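Structure first, commentary second.
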Amino acid sequence: MAAAASSGKATVTLPTDTQILITREFDAPAELVYRAVTEPELVRRWWSGQRGTMTECEIDLRVGGKWRYAMRADSTGEEIVFYGEYREIVPNELIVNTEVFAPFPDDGAISTMTLTEHGGRTTLTTLVQHASAQARDMHINSGMEGGMQEAFDNLEQVAISLR
């Protein structure tokens, strides 16, 4: 997907030594942002940002259901895999899931994503809770923020296209 204008930039803060808090506003209603983060054919259009090609997108959207995303990185040709399990789902409002980066299966996190809509715009907030400060720091130092900013710009364009 080509780079597109965006309504904003995600902010990343570190509320505690084991948490990452990500906040981003999207110019789309919560229902469309939710669809863009839960329907595999839509996730494929935004998740890899400008960093590679998504090779897998499996979503079993139910409590206890599994998810798995993989991409082939343009810079290295390496496959990057994340996976987890859904723990709580409130359509258009909340998703709580585990998140594991495949090379570090013992350092999984719990991600709590909330969607709050005001006047047709949606604020997505994700709190990532790691088990240790070391795991949180590895996540932050991985370069995740640049890829996330690109992916969120794409996510916004996908959600807008669903109007």
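The values are calculated or read from the model by the stated rules, or taken from the named source; none is laboratory data. None of these values were measured; they are calculated from a predicted model. All Cβ positions, even for glycine, are placed from backbone atoms using ideal geometry, and neighbour counts span all protein chains on display. Accessible surface is based on the protein model in full, side chains and every heavy atom, while ligands, DNA and RNA are left aside. Shrake-Rupley method; radii C 1.70, N 1.55, O 1.52, S 1.80 Å.
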Query raised in the report: Which residues, counting only those in the stretch 83-100, are out of contact with any Ser or Thr (no Cβ under 8 Å at 6 or more places or on another chain) and under 24 Å from Met138 (Cα atoms)?
Result: Tyr83, Tyr86, Val100
Query raised in the report: Considering the stretch 123-140 alone, what residues qualify as being under 11 Å from Val12 (Cβ atoms) and either acidic (Asp, Glu) or at pLDDT 95 or above (or both)?
Result: Thr126, Val128
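Taking the condition among the charged types (D, E, K, R), touching a Leu at 6+ places or on another chain (Cβ under 7 Å) and free of Cβ contacts under 8 Å to residues at least 60 places away in the same chain, does Glu99 pass?
Numbers: among the charged types (D, E, K, R): yes; touching a Leu at 6+ places or on another chain (Cβ under 7 Å): no; free of Cβ contacts under 8 Å to residues at least 60 places away in the same chain: yes.
Here the answer is no, as Glu99 does not meet what is asked.
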Report task. Run Leu14 past the list (1) touching a Gly at 6+ places or on another chain (Cβ under 8 Å); (2) open to solvent by 50 Å² or more (accessible area, probe 1.4 Å) and report the number of the one that doesn't hold. Result -> (1)
